[in-house]
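What follows is calculated from the coordinates using simple rules that are stated; it is not laboratory data. None of these values were measured; they are calculated from a predicted model. Positions of Cβ are generated from backbone atoms using ideal geometry, with glycine treated the same way; all protein chains shown enter the neighbour counts.
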Amino acid sequence: MALWKSPVGGFVDTVLRGVGQVLLQNNPLSGAIFLAGIFVSSWVAGLYALLGTVVATGTALLVGVPGASVRQGLYGFNGTLTAIGLAAYVTRGPALVGYVVFACSAVTIVAAAIYNFVNSEHVPTLTAAFVATAWVFLAGLRQFGALGGAAALTAPRLPTRSSSGASTPTPSDLLFGFFHGFAEVMLQTSVWTGVALLVGILVNSRISAIAAAAGSLIGFGVAWGLGASETTLRGGLAGYNAVLTAIALAGLYYLLSYRSALFAAVAAAVSVVVEGMFGTVLAPVGLPTLTAPFVVTTWLCLFAASSFTRLHAVHPEDATTPEANLRSVSRRWDSLTPRNAGTR
Amino acid sequence: MALWKSPVGGFVDTVLRGVGQVLLQNNPLSGAIFLAGIFVSSWVAGLYALLGTVVATGTALLVGVPGASVRQGLYGFNGTLTAIGLAAYVTRGPALVGYVVFACSAVTIVAAAIYNFVNSEHVPTLTAAFVATAWVFLAGLRQFGALGGAAALTAPRLPTRSSSGASTPTPSDLLFGFFHGFAEVMLQTSVWTGVALLVGILVNSRISAIAAAAGSLIGFGVAWGLGASETTLRGGLAGYNAVLTAIALAGLYYLLSYRSALFAAVAAAVSVVVEGMFGTVLAPVGLPTLTAPFVVTTWLCLFAASSFTRLHAVHPEDATTPEANLRSVSRRWDSLTPRNAGTR
Amino acid sequence: MALWKSPVGGFVDTVLRGVGQVLLQNNPLSGAIFLAGIFVSSWVAGLYALLGTVVATGTALLVGVPGASVRQGLYGFNGTLTAIGLAAYVTRGPALVGYVVFACSAVTIVAAAIYNFVNSEHVPTLTAAFVATAWVFLAGLRQFGALGGAAALTAPRLPTRSSSGASTPTPSDLLFGFFHGFAEVMLQTSVWTGVALLVGILVNSRISAIAAAAGSLIGFGVAWGLGASETTLRGGLAGYNAVLTAIALAGLYYLLSYRSALFAAVAAAVSVVVEGMFGTVLAPVGLPTLTAPFVVTTWLCLFAASSFTRLHAVHPEDATTPEANLRSVSRRWDSLTPRNAGTR
């Protein structure tokens, strides 16, 4: 489209890719569908998502972050999430807009710092900058009086342990839990947001969409097996980290194979336990887990990559979609195979 | 022995070395004696130790971790400890067996990730993967209902501050505390386990056995000086991290010298304070300290190695026993000395 | 001065530079003025500052840390702060002297370990070793009975959230808050200490003095905007991290420019939020924040340096004062410019 070639169109493209990168999709159409999914749940959240993406991207340009990574939306998605995250837990009002702008400029510094840490190990930053920055700006507020600081975080949305004993979830629980597992990635609890997120992934990669769906089911199943409450299951609270972990490991940062698919499934299951750990550890502090379980689980699996000779890691800068990763490798193999040797 | 050359024998050898590596002894006989020591205290703990070592080693083979490090037991010992650790704090039952298998496959991923982090700095992973994984799988459980999750960890085995004022320990306290300081490495409270662990070290390295004994005494003494309760002292709770720290630093990862022995003694003393820190920090969360103080203290001493020109660090891949390290260095010095120059 | 050429004089010089490095000033005169500022507030604190600097420096010499970095005071300042920090929170008495000596030998190991971590990324250690060691030795004490361990830390000096609603600070609050913002770097609450610290910076670098003053005002202003209580504002508790962050980023580790000055101002503002975060996170544990917010904020800004092409980072080993950094760069540019090309 010619639109993307104009500066304004380019910026719109960058912002939409930024929203898309929240679920690891470097695709403006995915981003637009994700954004629509947020607006369906809450137009305020949608506006904050836009604001956060724009501010974080703008800050990156201001301090001179190399343009290529900015244009892929890699300096936007942490802003998207930081803005939604603050809007979800802090009393809304004009002051919050200023605070979100402040936080979304800071998140770019944090993202660049984490990038320089993990990139030498060929590991992507994931949503680590969002988690760190949102924790700082949420916890920081509690020491001060503004923005209802003292009242903030009174209702952390952590999975809570079952008080009424383990109950068998109904098909309705499974349906809601499945789509909420997507929606919670954007901190929303709406089936329609979940549907939009799944569709947004599907338009970019069928493998990633299947991985994400499997991740949501694994999260639901493991949490059920561990005795999670109906609220946790139906709310998708055990699913969103498994969704992200499955997308990241099944084909994107590890080349797809039966072994890596199994590996990704185990990792998605582990992410549920890690989420429980964060729930326990953060309870005395009163902070939400956000996507920390996804970051920790996926980082561990990727930092370990060079020891796992039977799994093939994909360099973050080469990773696009599971399908493209496979094509790129088969092309390289073709060029290495002397198939025309006989014609010489 | 021909047994070790068969696949089954080789696997048994690997598993026993895995148990041996819990106390940094790459020796199947040490491992067998350690294992016997656990069985003496509790046959359930012994079975879990075996299960954990087997699962962690098997997972490493499945994902293709290079065989040499697996055969040295380096992917087993974290499984040993993770299994014992979960069995010590979680309500036992058939479900726990499944949970332990889950945790002991995860610990291999964690170990590989930590290895890739610290190996570039020539620092060994120690028991960091066990500590991280056990914390995750213990804390994770508390958010869910299964396995008595809510009830788990009600009685953390942390050193507790003296309520009855500082009392002078009796010779009996010293005797029990000395051997419990060994036994607590395997999360047991049995003098016979302690004796077995000391003997198991002795068959592999006399220097390490002396270092470990000195470590247990230093731990006891420092905790006494800081006013620890009789329960802490007699239970060996202030000793086990000092035991491990002393083994690691006195001759194994630093070449033995008067200066490095003094350094190791100071580090063993510091590990007691670090243990107190973890007790305070983990109290609100309700997690046990495990061997985190050993890992943190020893890592600090080893990460600092390149700045300490008067101490000679040994690369983890070359470190075998304090005695062999010294021989290896004197051999290298011999080969550098032109002693045959006159005969040419 | 000939005095500095004698061994004793050299050691005095090293110790004074150590005190100076607390505020990033490699200058014995600055150190002497800082020390005088501590003595004015409390002669006990002054003596502990001297003891800590001497012990930490001596330990570094004992283990063979390369002399050049020791002579610049880089192994002294963490000892200064650790000693003052323990003396501020622990019941004083003869036993404390021994405990401080113990902690100040440990801080040198911690400093060397952190150095080896961050130096490869061209990032200075800042006061991270002090923060880590003081936390360990404070929290460790709470598990034991000695040194009034149980009673220690009953009154953490964290900024507390406003109970009486946001009040407009008076000019007197601003005056006290401004100078206390300096004094709190040395854990003192005295205007005269604040004046001495500002003068001590001024004799070494006018730019750093201006940056520090701006940092103290920014800290005051941001905390006021976020609704901090009068006690926090007047006590300078929101200022000391902003002071240090501003000194580090405005000209010292980033070459001074309009853009980097703005960047430093934003970072100083962020440090206030980070301080609030530490207050919330450390509250359940009962530990003071110390200078952790400065370390975290400044590290993030420096680890990100290689991504920020419009800001020019200065390598820690080349960083002296903002003025000297600018001269050094203009000299290099001069030598690159072929200004004499025509005369050849």
Looking along the axis that carries chain C onto chain A, the residue of C whose Cβ comes nearest, with distance in whole Å, is C:P284, 2
Per-residue mean of other chain beta-carbon atoms within 10 angstrom of the beta-carbon, peptide A:293-304?
4
Please report, for C:S257, the nm distances (one decimal) from its label point, 7 Å out from Cα along the beta-carbon direction, to the equivalent points in the remaining copies, shortest first.
4.7, 4.7
Pick out the long, greasy-scoring helices in chain C: whole DSSP H runs spanning 24 Å or more along their own axis by Cα, mean Kyte-Doolittle at least -0.5.
C:43-63, C:94-118, C:206-225, C:258-282
Would you mind pulling out the separation of the Cα centroids of the range B:190-267 and the range A:243-312, in Å?
37
Loop-resident trypsin sites (Lys or Arg not before Pro) in the range C:227-319 with no more than 16 other Cβ atoms inside 10 Å, DSSP not H/G/I/E/B, are C:R310
Using only the Cα atoms of chain B, what semi-axes does the equivalent ellipsoid have when each is the square root of 5 times a gyration tensor eigenvalue? Give whole Å, largest first.
32, 26, 18
Which of rounded, prolate or oblate describes the range B:163-279 when judged by the alpha-carbon gyration tensor and an a/c cut-off of 1.5?
oblate
Under the definition of partner shielding as Cβ atoms of other protein chains within 10 Å of a residue Cβ, what is the mean value for peptide C:229-235?
1
Under 10 Å, Cα contacts only: if you run a Gaussian network model on chain C, which one of C:A68, C:A265, C:A304 comes out with the highest mean-square fluctuation?
C:A68
So for the range B:270-326, using the alpha carbon gyration tensor with a ≥ b ≥ c as root eigenvalues (a/c under 1.5 gives rounded; past that, a/b versus b/c decides prolate or oblate), I'd call it prolate
So for R0 = 25 Å, FRET eff. of B:T231-B:L262 from the Cβ-Cβ r, to 0.05, ends up at 0.25
Tell me the distances, shortest first, between B:E317 and the same position across the other copies, using label points 7 Å along Cα→Cβ, in nm to one decimal.
2.6, 2.6
Report relative contact order for chain C in percent, whole number only (criteria: Cα-Cα under 8 Å, sequence separation at least 6).
16
Treating every alpha carbon of the range B:1-78 as one equal point scatterer without solvent, the Debye formula yields log10 I(q)/I(0) values at q = 0.13, 0.27 Å⁻¹ of -0.34, -1.27
Taking Rh as the Kirkwood radius, which is the inverse of the mean 1/r over Cα pairs, what is the Rg/Rh value for the protein assembly as shown?
0.97
Which of A:P28, A:P94, A:P316 ends up with the largest GNM mean-square fluctuation for chain A, with Cα atoms connected below 10 Å?
A:P94
Counting only helical runs of four or more DSSP H residues, what would the 222 nm mean residue ellipticity of chain A come to if each run contributes -39,500 (n - 2.57) and the total is spread over all its residues?
-20500 deg cm²/dmol
Per residue of B:83-95, what is the mean number of Cβ atoms on other protein chains within 10 angstrom of that residue's Cβ?
0
Shortest first, in nm, what separates the label point of A:V203 from those of the same position in the other copies (7 Å along Cα→Cβ)?
6.7, 6.7
Subtract the Cα-Cα distance of A:A68 and A:S330 from 0.36 nm times their separation in residues, and report this length gain in nm to one decimal.
91.7 nm
Gaussian network model of chain B, Cα springs within a sub-10 Å range: biggest mean-square fluctuation belongs to which of B:L141, B:L287, B:L81?
B:L141
Only four residue types carry charge here, +1 at the Cβ of Lys and Arg and -1 at the Cβ of Asp and Glu. Report the dipole size of the protein assembly as shown about the Cα centre in Debye, rounded to the nearest 20.
1400
